[in-house]
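One structure is given here, and the rest of the page talks about it.
The values are calculated or read from the model by the stated rules, or taken from the named source; none is laboratory data. Remember, predicted model here, so these are calculated numbers, not experimental data. Glycine gets a Cβ as well: all are built from the backbone with ideal geometry, and neighbour counts include every protein chain shown.
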Amino acid sequence: MTVPSPDDSRPAPSGPGGSAAAGPALGAPKPKGSKAPKAAKATKTTRKAHLSVSRIEPWSVMKFSFVISLVCFIVLFVAVAVIYAILSGLGVFDALADTLTALTEGGEGEEIPIDPASWFSPARVLGYTGLIGALNIVLITALSTVAAMLYNLAADLVGGIDVTLSESE
């Protein structure tokens, strides 16, 4: 580090931060009576960032919504299977079939040809559950992707949604 002489017109060299060096050079003796600087107290401040969601990638939304709807389908299928097994074990479907059969019998011994026991068979109940679940997967995935595209169109017009993020403590 060079110290300019009084007749030298060159500016003093800058320190590592780009500003002129403050204080004595390394290795120089400290002036008498000076105290070492105290360490600054660390205070907890919450940092905040103001961001704008200006675009949502439709392909990423499609993949995410497909996976989420697939997981929901599996949960739905397992829940229906467990509930069906519990109700079947309690005899609810047999009692329902007997009640419907008693209600549909004719007065002179003629029966209306319905078979309520087949309505509540495990294959039919779980088959309809699978059909509704597959339809839900397709619809949720498609609607989520279309919603992402519509958001992108609206965000081009108005600039998106402003979000403020703050650092958690």
Tell me which of these I114 doesn't satisfy, since it passes every other one: (1) under 30 Å from W59 (Cα atoms); (2) aliphatic (A, V, I, L, M); (3) loosely packed, with under 14 Cβ neighbours inside 10 Å.
(1)
Among (1) of a type outside the set (A, V, I, L, M, F, W, C); (2) in a helix (DSSP H, G or I); (3) in contact (Cβ under 8 Å) with a residue 24 or more places away in the chain, the one test that D162 misses
(2)
Among the residues of segment 129-141, is any in a helix (DSSP H, G or I), at pLDDT 95 or above and more than 27 Å from A81 (Cβ to Cβ)?
no
